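Reviewing the structure listed below.
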Amino acid sequence: MKHRAFALSALTVTLGIGAVALAQPALKKGLKIAFLPKQINNPYEVIADNGGLAAIKEFGGVGKAVGPSDAGASSQVSYINTLIAQKQDAIVIAANDANALVPYLKRAMQGGTKVVTFDSDTAPEGRNIFINQANSEGIGRAQVQLLGKLINYTGDIAILSATPNATNQNTWIKWMQEELKLPKYKNMRLVKIAYGNDDDQKSFTEMQGLIQAYPNLKGVISPTTVGISAGARYLSTSPSKGKVVLTGLGTPNQMRQFVKDGTVTAFQLWNPADLGYLAAYAAAALASNQITGKEGDTFTAGKLGKYTVGKNGEVVLGPPTTFDKANIDKFNF
Amino acid sequence: MKSVRGLLGWEATILALVVLALLGGALLSPDFLTASNLSFLTANFSEIALMALTMTLIIIVAEIDLSVASILGLASALLGTLWAAHVPMPLAILLTFLAGGLAGLLNGLLVTRLGLPSLAVTIGTLALYRGLAYALLGDRAIADFPPFYTNLGFGTVPGTAIPIPMALFAVLAVLTAVLLHATAFGRRLYAIGANSMAARFAGVQVERIKLLLFVMSGLMAALAGIVYTFRFSSARGDNGTGLELGVIAAVLLGGVSIFGGRGSVVGAVAAVFLIGIINGALTIVDVSNEILTIVTGLLLIGSVLVPNLLARLRAARERRAVRPVGDAVS
């Protein structure tokens, strides 16, 4: 560690003179940054917050996570007000309502507090930057890429979605279909999009239906946490276990037993710890005046590397994380 | 006379606790006793404060209205729905009040005409009105209200840090206090609460007054719903879920007897502020939500327990003082 630090500082010195013109101001020390999750004890949010707190520790700030025990918009407001009174340098918030918080967050920003939303955004005027877990294209394509690898790019496939009018699902499915048009998927055929309505029972029977209706079915993508776990539950006791590959978007806690018993090899979701980590660095970059949140601004987020602010102050974490036997025990959410 | 003095004692206690809570907050954090923080803090419980006024009157006549927060939600959802349907805002507000009044009227009719206990009636309408609110908006939210109106909910009285909803509350609190403590109507409320049968025989129109109080409660909840909607610039079916408990808690802590016949507006208002200030002070030093809820709960139990114990003590002392006579009679 010492050696690396030395090498780095040597490098900094040698490059110093040339870099002065380009260098961004360093992150300030002792920045007060507060995480305000949707709900303080929600396991998913706890992981995201802890990722953020770890980052704050890294750059020498003072971090904390506060928030309501119910996921109501109005209950977040009193926390925003408190954080304003405490003169926090930045608030990182997962908003419970896209609009209800905006006037309060505006008041925070007027007082010089930087506002970063993550996980769940407000209207753009309510924050400086939104950290998006993944963009729809990234998720859609990554799901097909994963399934392709798992079934050797050959065979019938199906999608087990939530409801026919779920906006996020439909956008992902659209990008899955785009990805499937690439030549390497020429031997994969999408035979059916089924809908489990994000209902456990319905998803279970839809999965059963898919397997019975398509004897050549090789893989199913279920980009919904309800669908994939219900699907896995059916598959785990059916003769198709090990023959039909199921993947999609799920949480490690939900899917752990199915990964361990071999029903599911791999599935995806963004890594909430990284999400919080990135949000903390974005907040620090804002509070240190490295960036203002306008399109094209760039900042470095510790171990995650360099990020660029996109349209409407949006920063995308990146493609989803793939969970499998090798890494699933590192996650608890 | 004695009971009046005892009551004033309780109010004085609550007011003293308010001062203590403010001082405590100031000691805990230098950021607490600032105009902007106190402004946020009071705006934060304006809906509870509003609804506590009519709740005080209702509990004094020994009834209860558990449906207020649901009426708030229904009012919010209705206001949003009307606005989204391009109804002009003044008319939308008027219709929202009408709906609140009707909701209160239904509560009142069920209680007075059918003679059902208000506890049972309003548990039912709590679900009914919340259901109607969801039926109107589902999980949608209407947000694009004109800035003039959202400023009414969000802004402060020009030149001061007093939130506009709080100024509105101050006016209504004075009116309610006058109504309860300085009019014949107010005296009738105490009479009904103390003994509704006796009040009836004395010529008080008990049912009519109760009906009126439920309508007032519905109107006040609608007002709270309008304030809530503008304060958050967001109309949702789930707005204000659970607030009824905060309202009732504050009124009881304020010394209004759950059995009716006793209590004052000053006490209820002081208690609303006490709970709000304690919450704000604990939040600013990052006390967790669980502890906050526990503190509020203990405060409430204490508020029921302490006056009760004091009354028993006093009664015991009096009984001891008159023992010879009492023994002779029995």
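The values are calculated or read from the model by the stated rules, or taken from the named source; none is laboratory data. This one's a predicted model, so the numbers in the text were calculated from it and none came from an experiment. In this analysis, Cβ positions are derived from the backbone assuming ideal geometry, glycine residues included, and neighbour counts consider all displayed protein chains. Just the protein is used for accessible areas: all its heavy atoms, side chains included, with ligands, DNA and RNA removed. Shrake-Rupley method; radii C 1.70, N 1.55, O 1.52, S 1.80 Å.
Scanning region B:159-176 for residues that are hydrophobic (A, V, I, L, M, F, W, C) and open to solvent by 30 Å² or more (accessible area, probe 1.4 Å) yields B:Ala161, B:Ile162, B:Ile164, B:Ala167, B:Leu168, B:Ala170, B:Val171, B:Leu172, B:Val174, B:Leu175.
Residues of region A:281-292 that are among the small types (Gly, Ala, Ser) and open to solvent by 10 Å² or more (accessible area, probe 1.4 Å): A:Ala287 alone.
Taking region A:239-260 as the region of interest, how many residues are of a type outside the set (A, V, I, L, M, F, W, C) and open to solvent by less than 10 Å² (accessible area, probe 1.4 Å)?
So the count comes out to 4.
Give the residue that is modelled with the lowest pLDDT, with candidates limited to residues of region A:88-139 that are within 14 Å of chain B (Cβ to nearest Cβ), in a helix (DSSP H, G or I) and open to solvent by 20 Å² or more (accessible area, probe 1.4 Å). The qualifying residue modelled with the lowest pLDDT is A:Pro103.
Hey, does region A:49-65 have a residue that's touching a Phe, Trp or Tyr at 6+ places or on another chain (Cβ under 6 Å) and within 12 Å of another protein chain (Cβ to nearest Cβ)?
Within region A:49-65, one or more residues are touching a Phe, Trp or Tyr at 6+ places or on another chain (Cβ under 6 Å) and within 12 Å of another protein chain (Cβ to nearest Cβ).
With the checklist (1) open to solvent by 40 Å² or more (accessible area, probe 1.4 Å); (2) within 10 Å of chain A (Cβ to nearest Cβ) in hand, flag the one item B:Gly242 doesn't pass. Of (1) open to solvent by 40 Å² or more (accessible area, probe 1.4 Å); (2) within 10 Å of chain A (Cβ to nearest Cβ), only one is false for B:Gly242: (1). Report whether or not A:Gly72 is open to solvent by 10 Å² or more (accessible area, probe 1.4 Å), at pLDDT below 95 and facing chain B (nearest Cβ under 8 Å). Judged against the criteria, A:Gly72 is a match.
Looking across region A:298-326, the residues that are open to solvent by less than 20 Å² (accessible area, probe 1.4 Å) and either of a type in the set (D, E, K, R) or not in a loop (DSSP other than H, G, I, E, B) (or both) come down to A:Phe299, A:Gly313, A:Val315, A:Phe323. Just one of the listed residues (B:Ser257, B:Ser330, B:Ser303, B:Ser288) is out of contact with any strand residue (DSSP E or B) (no Cβ under 9 Å at 6 or more places or on another chain), at pLDDT below 95 and within 14 Å of another protein chain (Cβ to nearest Cβ), and it is B:Ser288.
I'm trying to understand the selection: among the residues of region B:18-52, which are of a type outside the set (A, V, I, L, M, F, W, C), touching a residue at least 24 places away in the same chain (Cβ under 8 Å) and within 11 Å of chain A (Cβ to nearest Cβ)?
Hits for region B:18-52 are B:Gly25, B:Ser29, B:Asp31, B:Ser36, B:Asn37, B:Ser39, B:Thr42, B:Asn44, B:Glu47.
Of all the residues in region A:276-333, those that are hydroxyl-bearing (Ser, Thr, Tyr) and in contact (Cβ under 8 Å) with a residue 60 or more places away in the chain number 5.
Consider B:Thr112 carefully, then state whether it is under 23 Å from B:Gly186 (Cα atoms) and in contact with a Lys or Arg (Cβ under 9 Å, 6 or more places away or on another chain).
Working: under 23 Å from B:Gly186 (Cα atoms): yes; in contact with a Lys or Arg (Cβ under 9 Å, 6 or more places away or on another chain): yes.
For B:Thr112, the condition - under 23 Å from B:Gly186 (Cα atoms) and in contact with a Lys or Arg (Cβ under 9 Å, 6 or more places away or on another chain) - is met.
Flag: A:Val226 matches the condition of being farther than 20 Å from A:Ala94 by Cβ, open to solvent by 10 Å² or more (accessible area, probe 1.4 Å) and touching a residue at least 60 places away in the same chain (Cβ under 8 Å).
For region B:89-114, a residue qualifies if it is open to solvent by less than 60 Å² (accessible area, probe 1.4 Å) and free of Cβ contacts under 8 Å to residues at least 60 places away in the same chain, and the qualifying residues are B:Ala92, B:Leu110.
Scanning region B:122-151 for residues that are small (Gly, Ala, Ser) and not in a helix (DSSP H, G or I) gives B:Gly138, B:Ala141, B:Ala143. If we keep just the residues of region B:206-237 that are of a type in the set (Ser, Thr, Tyr) and within 14 Å of chain A (Cβ to nearest Cβ), which is farthest from B:Ile164 (Cα to Cα)? It comes out as B:Ser234. In this structure, does B:Ala69 turn out to be under 23 Å from B:Phe145 (Cα atoms), in contact with an Asp or Glu (Cβ under 8 Å, 6 or more places away or on another chain) and assigned to a helix (DSSP H, G or I)? Taking the combined requirement at face value, the residue satisfies it.
Restricting attention to region B:279-295 and to residues that are polar (S, T, N, Q) and open to solvent by 40 Å² or more (accessible area, probe 1.4 Å), the residue that is nearest to B:Leu38 (Cα to Cα) turns out to be B:Asn279.
Conditions tested, residue by residue: (1) within 13 Å of B:Ile277 (Cβ to Cβ); (2) of a type in the set (Val, Ile, Thr); (3) modelled with pLDDT of 90 or more.
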residue: B:Met1; (1), (2), (3): no, no, no
residue: B:Gly9; (1), (2), (3): no, no, no
residue: B:Ala12; (1), (2), (3): no, no, yes
residue: B:Val18; (1), (2), (3): yes, yes, yes
residue: B:Pro30; (1), (2), (3): no, no, yes
residue: B:Leu33; (1), (2), (3): yes, no, yes
residue: B:Met55; (1), (2), (3): no, no, yes
residue: B:Ile59; (1), (2), (3): no, yes, yes
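When A:Ala266, A:Ala285, A:Ala273, A:Ala232 are screened for being farther than 19 Å from A:Lys325 by Cβ and modelled with pLDDT of 95 or more, only A:Ala285 passes. Of the residues making up region B:177-207, those that are assigned to a helix (DSSP H, G or I) and either of a type in the set (A, V, I, L, M, F, W, C) or touching a strand residue (DSSP E or B) at 6+ places or on another chain (Cβ under 7 Å) (or both) number 15.
Across region A:34-46, the number of residues qualifying as within 13 Å of the chain's Cα centre (by Cα) and more than 18 Å from A:Ala282 (Cβ to Cβ) comes to 1. As for region B:52-60, it holds no residue that is surrounded by fewer than 24 Cβ atoms within 10 Å (Cβ to Cβ), farther than 14 Å from B:Met220 by Cβ and of a type in the set (Val, Ile, Thr).
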